[in-house]
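Worksheet: one structure, shown below.
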Amino acid sequence: MSKPIYILNGPNLNRLGTREPEIYGRTTLAEVEALCRGAAAGHPLVFRQSNREYELIEWVHEAIDEACGVIINPAAFTFTSMAIMDALKMFPGPIIELHISNIHRREQIYHKSYVSPVATAVIAGLGTDGYPTAVRSMLDMISRTTKAG
Ligand code: CA2
């Protein structure tokens with residue numbers, strides 16, 4: 001049985017689809033999860049959201065033991081959390097940092113990510129379509145490393 005891909009979502013993303021549709025669209029997080037499961041085509045996924053930093057850190061620790069890859073939208077913790085960065089550094093497999101919006105087109109406070117230096121890849125600005133795109137790219141990366149290994 002393949003190890004799951006962990007998809008972790010940070011603060012406020014449980015409210016996705018309910019405000020600022022011009023930036024974040026109208027798709028809810030439950031719909032995003034369904035898109036991810038479609039893209040995964042049966043590969044197991046663990047899809048979670050938390051507003052608490054410690055919980056996201058605990059899930060990254062769990063992923064170190066359980067997951068083949070991590071896709072993370074740390075939301076506001078992207079710009080504040082050295083603790084999430086340190087936890088991700090310990091993950092041995094591929095990591096995709098994901099943002100719905102293009103954080104680099106936004107105000108200066110959204111430009112300095114603590115997560116990007118420890119991520120394998122960064123996806124930003126594709127809207128919620130970025131999630132299934134990340135899942136497909138993660139599956140490609142995993143199959144390449146499995147074949148190489
Ligand atoms: O674009 C992204 O995915 C972000 O990670 C979203 C964060 C923001 O702090 C980052 O700069 C970029 C904010 C998430 C706010 O959650 C929402 C809740 C309801 C409606 C829309 C967004």
Practice task
Filter the stretch 1-45 for residues that are without any contact (Cβ under 8 Å) to a residue 24 or more places away in the chain, near the ligand (Cβ under 10 Å from one of its atoms), within 18 Å of Ala134 (Cβ to Cβ) and of a type outside the set (A, V, I, L, M, F, W, C) and give the result.
Solution key: Thr28
Exercise for the section: Would you mention how many residues in the stretch 9-37 are at positive phi and hydroxyl-bearing (Ser, Thr, Tyr)? Expected result: 0
Problem - Residue under evaluation Pro92, criteria (1) under 22 Å from Pro4 (Cβ atoms); (2) surrounded by 16 or more Cβ atoms within 10 Å (Cβ to Cβ), criterion not met - result: (2)
Practice task
Among residues belonging to the stretch 105-119 that are modelled with pLDDT under 95 and not aromatic (Phe, Trp, Tyr), point out the one that is nearest to the ligand (Cβ to nearest atom).
Solution key: Arg106
Practice task
Go through the stretch 112-134 and give me each residue that's assigned to a helix (DSSP H, G or I) and in contact with a strand residue (DSSP E or B) (Cβ under 7 Å, 6 or more places away or on another chain).
Solution key: Ser116, Val118, Gly130, Tyr131, Thr133, Ala134
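The values are calculated or read from the model by the stated rules, or taken from the named source; none is laboratory data. Please read these numbers as outputs of a predicted model, since none were measured by experiment. Using ideal geometry, Cβ is built from the backbone for each residue, glycine included, and neighbour counts are taken over all protein chains shown.
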